[in-house]
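The values are calculated or read from the model by the stated rules, or taken from the named source; none is laboratory data. For clarity, every value in this text was computed on a predicted model and none was experimentally measured. FYI the Cβ positions are ideal-geometry reconstructions off the backbone, even for glycines, and counts take in every protein chain you see.
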Amino acid sequence: LALRHTYRVEPLRVPAAVKAHATLALGVVALQIALGGWVSTNYAALACGNGFPSCQGAAWPAGMDFANGFDLTRDMGRMDSGGYITLQALTAIHFAHRLMAYVVLGVVGWLAWRLSRLGPGARTWALGLAFALTAQIALGIATVVWGQPLLLAVAHNAGAAVLLGTLVALRSTIQSFPSSALTPAWNASPGRLSS
């Protein structure tokens, strides 16, 4: 946002539905970052082992304990019983972050695709989003497969910040217009795209 106040950024005019999609993408990425923080805070990064896409050798690990994994009232690292948080709860935390990554891929990837079809200015944003998304997913997978090396874990956190920052910048640049303002190309006069 500081760059926006320093440099003149041309507004990006998109249909209202694309503006809403950008808002959704921003919310989904913010939720995924919160889940990533929960993974880190609970030391759940290694709960699935170093397999991908499997977790503990399974597509859906048995016995995941979502209730204790996402109990916000418990002490950090402890269960209500006073014992340490179980592997089943840690697995649920880690697996939720993985599942949400698929949602992020779908929502942000679809947004990038939609932007790519709206002209040169929007296409630049689409490429930036696609790059940030691809890099973040690759870093997340590499972090798991290579057993959480610190450099990759830090890069994964930085990648999350880049993806979020890209979406914040995009969303603050967007100006929408109603879909009814669009004239399909087949209704336009020859040589013109709109009336």
Review point. So which residues in region 56-79 are under 26 Å from residue 141 (Cβ atoms) and either of a type in the set (S, T, N, Q) or touching a Lys or Arg at 6+ places or on another chain (Cβ under 7 Å) (or both)?
Key: 56
Exercise for review: Keeping to region 33-88, report how many residues are in contact with a Ser or Thr (Cβ under 7 Å, 6 or more places away or on another chain) and touching a residue at least 40 places away in the same chain (Cβ under 8 Å).
Suggested key: 3
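Any idea which residue in region 145-160 is farthest from residue 130 (Cα to Cα), counting only those that are touching a residue at least 12 places away in the same chain (Cβ under 8 Å) and in a helix (DSSP H, G or I)?
Checking each candidate, the answer is 145.
Results for (1) of a type in the set (S, T, N, Q); (2) out of contact with any Gly (no Cβ under 6 Å at 6 or more places or on another chain); (3) within 30 Å of residue 62 (Cβ to Cβ); (4) modelled with pLDDT of 95 or more, shown as yes or no for each residue.
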| position | (1), (2), (3), (4) |
| --- | --- |
| 96 | no, yes, yes, yes |
| 149 | no, yes, yes, no |
| 164 | no, yes, no, yes |
| 193 | no, yes, no, no |
Review point. Restricting attention to region 108-141, which residues are surrounded by 19 or more Cβ atoms within 10 Å (Cβ to Cβ) and of a type in the set (Val, Ile, Thr)?
Key: 108, 137
Review point. Of all the residues that make up region 34-70, how many are modelled with pLDDT of 95 or more, in a helix (DSSP H, G or I), of a type outside the set (Gly, Ala, Ser) and crowded, with 18+ Cβ neighbours inside 10 Å?
Key: 2
Review point. Out of curiosity, is residue 89 buried (at least 17 other Cβ atoms within 10 Å of the Cβ), over 15 Å from the mean Cα position of the chain (by Cα), within 25 Å of residue 70 (Cα to Cα) and not β-branched (Val, Ile, Thr)?
Key: yes
